[in-house]
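Coordinate-derived values only; no laboratory data. The model shown is predicted, which means the values in this text are computed figures rather than measured ones. Note that each Cβ is placed from the backbone with ideal geometry, even for glycine, and that neighbours are counted across all protein chains shown.
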Amino acid sequence: MSRIKVHDKEFELYIPQDQIERAIHKVADDINRDFAGKNPLFLVVLNGAFMFAAELFKNIEIECEISFVKLSSYSGTSSTSVVRELIGLDHSIHDRNIVMVEDIIDTGLTMKFTIEKMLKLEAKEVKIATMLFKPNAFQFDYAIDYIGLEIPNDFIIGYGLDYLEHARNLPDIYKIVS
Ligand code: 5GP
């Protein structure tokens, strides 16, 4: 299936599952190396990161804790400047090595908000692992520690990412046909 329609828009196959998963395995290797013995707390940002997280954690071999939070700044096909609250945080952050697990970093606003929130809660350190990164859209200068794949500024779906709540289940990534 190289072309699909979701709601009113056409998408074409962009990154196949095996390429995505090779990139995720590389992220897991880097985290295994950097966090051995540190018992990090991974915070998966729902909903979009669920599929990335599942593949990532099958390959994380170090002692760790995993939890899930929700936070969104996005609706439809363009980023908005509204960052909502962080919900579902049920672990103490104080003095912990935190790794945020995110599906995609676009403008970077969502993660900036989250990093600040973690530092306010007195995390020892906050690192970021993202499956996808759009360097040309990024508007900040903080470090993004673990990046699966860099992509151009196209709107994409699949592998957890939605268009109006559809297409999260697709095992490959598709990009919008403009
Ligand atoms: P940022 O705050 O970095 O601009 O946006 C981050 C959030 O916007 C991501 O967690 C994701 O939910 C959403 N987002 C950004 N780019 C895309 C995209 O190309 N496709 C989809 N489906 N969501 C995106």
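Can you give me the P(r) profile for the stretch 102-178? Cα pairs, bins 10 angstrom wide beginning at 0, each as a whole percent. Reading the bins upward from 0: 17, 46, 28, 8, 0. When the charge dipole of the chain is built from unit charges on Cβ atoms (+1 for Lys and Arg, -1 for Asp and Glu) and taken about the Cα centre, the candidate among Ala167, Leu149, Leu56 whose Cα reaches farthest toward its positive end is Ala167.
Straight-line reach from Lys5: taking Cα to Cα under 17 Å and skipping same-chain neighbours fewer than 8 places apart, the aspartates and glutamates in range are Asp154, Asp162, Glu165, Asp172. Each Lys and Arg contributes +1 and each Asp and Glu -1, all at the Cβ; summed about the Cα centre of the chain, the dipole is approximately 220 debye. Going down the table (Lys38/Lys112; Lys58/Lys175; Lys9/Lys70; Lys112/Lys134; Lys38/Lys120), which pairs top 18 Å between alpha carbons? Correct reply: Lys38/Lys112; Lys58/Lys175; Lys9/Lys70; Lys38/Lys120. Judged by the mean number of other Cβ atoms found within 10 Å, the most tightly packed of the peptides 53-60, 138-145 leads the ranking 53-60, 138-145.
Normalised by the number of residues in the stretch 98-178, the mean separation of alpha-carbon contacts (under 8 Å, six or more apart) gives a relative contact order of 25 percent. The largest-to-smallest principal axis extents of the Cα set in the stretch 28-168 are 40, 30, 27 Å.
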